[in-house]
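The values are calculated or read from the model by the stated rules, or taken from the named source; none is laboratory data. Keep in mind it's a predicted model, so treat the numbers as computed, not measured. Cβ placement follows ideal geometry from the backbone for every residue including glycine, while neighbour counts extend to all protein chains displayed.
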Number of protein chains: 2
Amino acid sequence: MGPEKNKVRKQRRVAETPAALTLADVARAADVSEITVSRILRNVGPISETTRRRVLDAVDQTGYVRNQIAGTLASATSNLIGVVIPSLSNIVFADVLRGIDAGLEPSGFRPVVGITDYKADAEEKLVTSLLAWKPAAIIIVGFDHTDITRRRLKQSRIRVVELMDIDSEPIDLAVGMSHRAAGLATGRHLIGRGYRRFGYVGHDWTTDRRARLRWDGLVQALEEAGLELVDQRLHGGPSSTQAGREALATLLQGAKHPDVVVFSNDDMAVGGVFHCIAEGIVLKRDLALFGFNGLDVGQALPKPLSTVRSNRFRIGKIAVEQILLRPERNGTPETINTGFEIVPGETA
Amino acid sequence: MGPEKNKVRKQRRVAETPAALTLADVARAADVSEITVSRILRNVGPISETTRRRVLDAVDQTGYVRNQIAGTLASATSNLIGVVIPSLSNIVFADVLRGIDAGLEPSGFRPVVGITDYKADAEEKLVTSLLAWKPAAIIIVGFDHTDITRRRLKQSRIRVVELMDIDSEPIDLAVGMSHRAAGLATGRHLIGRGYRRFGYVGHDWTTDRRARLRWDGLVQALEEAGLELVDQRLHGGPSSTQAGREALATLLQGAKHPDVVVFSNDDMAVGGVFHCIAEGIVLKRDLALFGFNGLDVGQALPKPLSTVRSNRFRIGKIAVEQILLRPERNGTPETINTGFEIVPGETA
DNA sequence: TTCGTGCATGACAGCGCTGTCATTATATGT
DNA sequence: ACATATAATGACAGCGCTGTCATGCACGAA
């Protein structure tokens, strides 16, 4: 007969529809205790092959689906990862999210995402609401948090990974590249290729601190060579192909005649390329263009865009791998540099 | 003195670090019962203004963060939404996810996402693992599910929204557009503009059923006019700008000389535009190109791409709004058509 | 005064699972 | 044969919250 459960369910709160399946139902069906089913589903403890099979059959037949909510509460260890990104309009963050998902894939962890739209107060609310799900870790883009956000993250005692950027001190772990160094490398590379009259076309710095850091690096490289930007245009909104196109057009209307224009990123630079094509400006001969990110679209252009490859996918993946490797926070903040590469291309 | 709690914590399982804050801690600090704090944080029931303020102060001072896991378990109503998409490499799905997030924004719900990589078995595992979080609803792209996936979703009794496509019978709710109709409209539009020699450049149909549906519609339009495709090329992998560029190149090497080429989507079409620019083929005069999706990059091209606008963002947003509007599944499957618009552009 | 009536608050049990500590059967060494 | 280790299973309480029902109290009508 087996161990008959006499722990009868104490009358349901509501007279529900078919009453969701629980571990107890499976246990009854397989004639074992709940805990045995639980252990089998989690692959812990010693279980005989016969009961394992019997229980798994029962699971299949009943169509039982684990309740991670209850499991997480009982074990105080969650399989959720909070992910905070500024936007999804920019493929860059979609790439990061891809990397995160790819890294998570074999682990059974799931990302819970939130989008801040580049707003610090939205980020603050988001972080709070994500922490309420007791995630195993929080992955967040950048270092630009409000004090409250930073305090909450610090106090949470879970792992916190700040992505993309490594030019500041992280709360726990930073994974990314130095944007200042990328700007510097860009400048030196282009100076080495003989360019002297540098123009710059960018987008809103207040929301994209990393673009600003690259600009800093670029300007520093120019200074090293006794040069300075001959002209620049800053588009007030987020980066886009259209904005890049228009901004280059106005830049070229000026009297400064740059021989190379560095863009805040590839989206903007591709717009610049389109402008040149439309105006019959021959790239590299008449004007050189340089981007940042190494997006596919830039590499598929008639002439592949000269740019810097930022390894977004890898950044997301490594962030996750680090979390899985060391699920506990470890006192001292750490930084992982995923580097970047100059992509010579044919536009500069 | 207030109601002293004598329900002393029954010795913690482990001698933990600072012991996470609970409702009880806040309750003690504010000298009220746990349930009162709970009610205040959830904005339910009548609460006097004085206690509300006192409790909220206590929350601030202690830095208490709600435990949604426990709350969800106790109330059996979750604030999570499962989201299943095939890919994030394609901006199209990022747009959908943006729409979902935007629709969720005011509600406190959070999306838990999973990426299938266009694999049905990955989708099956994902759906199971998402259901384990007892989400309020599942949003999933397309109708191509395994039988098991479909059964699980049906049995879950939560709301299930299938996105993008409305050319099949949904499990619960479908939000999207008819891709067959879009193909048909494309064909009729181009025939109306005088084109007769149609070429087609596409990508892998086995993973993208919607592209196939558009092709069907296009061919049907041609049949109506007594025409047929003069030539086509199918790239074996996922759509990409590079693939579109290469596929158009080989198509044009053939002897069929189309006067218009319809692409499976904008990514592919943009590649086609790049090929034409590189080869000095004047768009529309020498060859017309037509895409699908209405991506920004296509509209920023030297000549804006002729295409069809699919309202991805809106699809995601409406899906969420429907869920919030009617959180309970309602027997009969339903379909919401978000439509599409021909974007004339300058390439066809 | 007495009795509703509505507001504000609290006690209590239980959501479905898992950590911990038994308990029982089976194998091993001497 | 006996003690001892090991494998397999189970009982029980509790994770932190919320639904339900009860209670205390002020206030106006009768």
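When the stretch A:134-159 is examined, which residues are found to be away from every other protein chain (no Cβ under 14 Å) and within 18 Å of the chain's Cα centre (by Cα)? Write out each step before concluding.
As a first pass, look at the stretch A:134-159 and keep what is away from every other protein chain (no Cβ under 14 Å): A:137, A:140-146, A:159.
The answer is A:ALA137, A:ILE140, A:VAL141, A:GLY142, A:PHE143, A:ASP144, A:HIS145, A:ARG159.
Tell me yes or no: at least one residue of the stretch A:58-79 is within 13 Å of DNA strand D (Cβ to nearest atom) and over 30 Å from A:ARG152 (Cα atoms).
Our first condition is that a residue be within 13 Å of DNA strand D (Cβ to nearest atom); within the stretch A:58-79, this holds for A:58, A:67-78.
With the extra rule that they be over 30 Å from A:ARG152 (Cα atoms), the set shrinks to A:58.
Looking for residues that are within 13 Å of DNA strand D (Cβ to nearest atom) and over 30 Å from A:ARG152 (Cα atoms), one finds at least one in the stretch A:58-79, hence yes.
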Query raised in the report: Residues in the stretch A:120-162 that are in a helix (DSSP H, G or I), surrounded by fewer than 21 Cβ atoms within 10 Å (Cβ to Cβ) and among the β-branched types (Val, Ile, Thr): how many?
Result: 2
Report summary line: Among residues of the stretch A:246-285 being in contact with a Lys or Arg (Cβ under 8 Å, 6 or more places away or on another chain) and assigned to a loop (DSSP other than H, G, I, E, B), the residue farthest from the other protein chains (Cβ to nearest Cβ) is A:LYS256
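Residue-wise test of (1) touching a strand residue (DSSP E or B) at 6+ places or on another chain (Cβ under 8 Å); (2) crowded, with 22+ Cβ neighbours inside 10 Å; (3) closer than 30 Å to B:GLN155 by Cβ.
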| position | (1), (2), (3) |
| --- | --- |
| B:ALA247 | yes, yes, no |
| B:LYS256 | yes, no, no |
| B:ASP266 | yes, yes, no |
| B:CYS276 | yes, yes, no |
| B:PHE290 | yes, yes, no |
| B:LYS303 | yes, no, no |
| B:ARG329 | yes, no, yes |
| B:THR335 | yes, no, yes |
| B:GLY339 | yes, no, no |
Query raised in the report: Of all residues in the stretch A:54-102 being among the small types (Gly, Ala, Ser) and under 18 Å from the mean Cα position of the chain (by Cα), which is nearest to DNA strand C (Cβ to nearest atom)?
Result: A:GLY82
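When you scan the stretch B:302-312, do you find a residue that is assigned to a helix (DSSP H, G or I) and within 18 Å of the chain's Cα centre (by Cα), even just one? Steps first, please.
If we filter the stretch B:302-312 for residues that are assigned to a helix (DSSP H, G or I), which is where we start, we get B:312.
Narrowing the set further to residues that are within 18 Å of the chain's Cα centre (by Cα) leaves B:312.
Yes, that holds for at least one residue.
So, B:ARG28, is that one more than 16 Å from DNA strand D (Cβ to nearest atom), over 23 Å from the mean Cα position of the chain (by Cα), closer than 26 Å to A:ILE148 by Cα and modelled with pLDDT under 95 or not?
On the way: more than 16 Å from DNA strand D (Cβ to nearest atom): no; over 23 Å from the mean Cα position of the chain (by Cα): yes; closer than 26 Å to A:ILE148 by Cα: yes; modelled with pLDDT under 95: yes.
When the stated conditions are applied, B:ARG28 does not pass them.
Mind listing just one residue for me: the one in the stretch B:190-245 that is in a loop (DSSP other than H, G, I, E, B) and hydroxyl-bearing (Ser, Thr, Tyr) and, of those, modelled with the lowest pLDDT? Steps first, answer last, please.
Filtering the stretch B:190-245 for residues in a loop (DSSP other than H, G, I, E, B) gives B:193-197, B:203-208, B:225-230, B:235-240.
Of the ones still in play, those that are also hydroxyl-bearing (Ser, Thr, Tyr) are B:195, B:206-207, B:239-240.
Working: B:TYR195: 96, B:THR206: 91, B:THR207: 88, B:SER239: 93, B:SER240: 92.
Out of the qualifying residues, it is B:THR207.
More than 10 Å from DNA strand D (Cβ to nearest atom), within 18 Å of B:ALA132 (Cα to Cα), within 14 Å of chain B (Cβ to nearest Cβ) and of a type in the set (Gly, Ala, Ser): is that true of A:ALA20 in this structure? Don't jump to the end; show me each part of the working.
Values: more than 10 Å from DNA strand D (Cβ to nearest atom): yes; within 18 Å of B:ALA132 (Cα to Cα): yes; within 14 Å of chain B (Cβ to nearest Cβ): yes; of a type in the set (Gly, Ala, Ser): yes.
It is true that A:ALA20 is more than 10 Å from DNA strand D (Cβ to nearest atom), within 18 Å of B:ALA132 (Cα to Cα), within 14 Å of chain B (Cβ to nearest Cβ) and of a type in the set (Gly, Ala, Ser).
Would you be able to say whether some residue in the stretch B:80-98 is out of contact with any His (no Cβ under 6 Å at 6 or more places or on another chain), among the acidic types (Asp, Glu) and at the interface with chain A (Cβ under 7 Å from one of its Cβ atoms)? Talk me through it step by step, then tell me what you get.
Pass one, the stretch B:80-98, residues out of contact with any His (no Cβ under 6 Å at 6 or more places or on another chain): B:80-98.
Now restrict to residues that are among the acidic types (Asp, Glu): B:95.
Checking which are at the interface with chain A (Cβ under 7 Å from one of its Cβ atoms) leaves us with none.
Looking for residues that are out of contact with any His (no Cβ under 6 Å at 6 or more places or on another chain), among the acidic types (Asp, Glu) and at the interface with chain A (Cβ under 7 Å from one of its Cβ atoms), one finds none in the stretch B:80-98, hence no.
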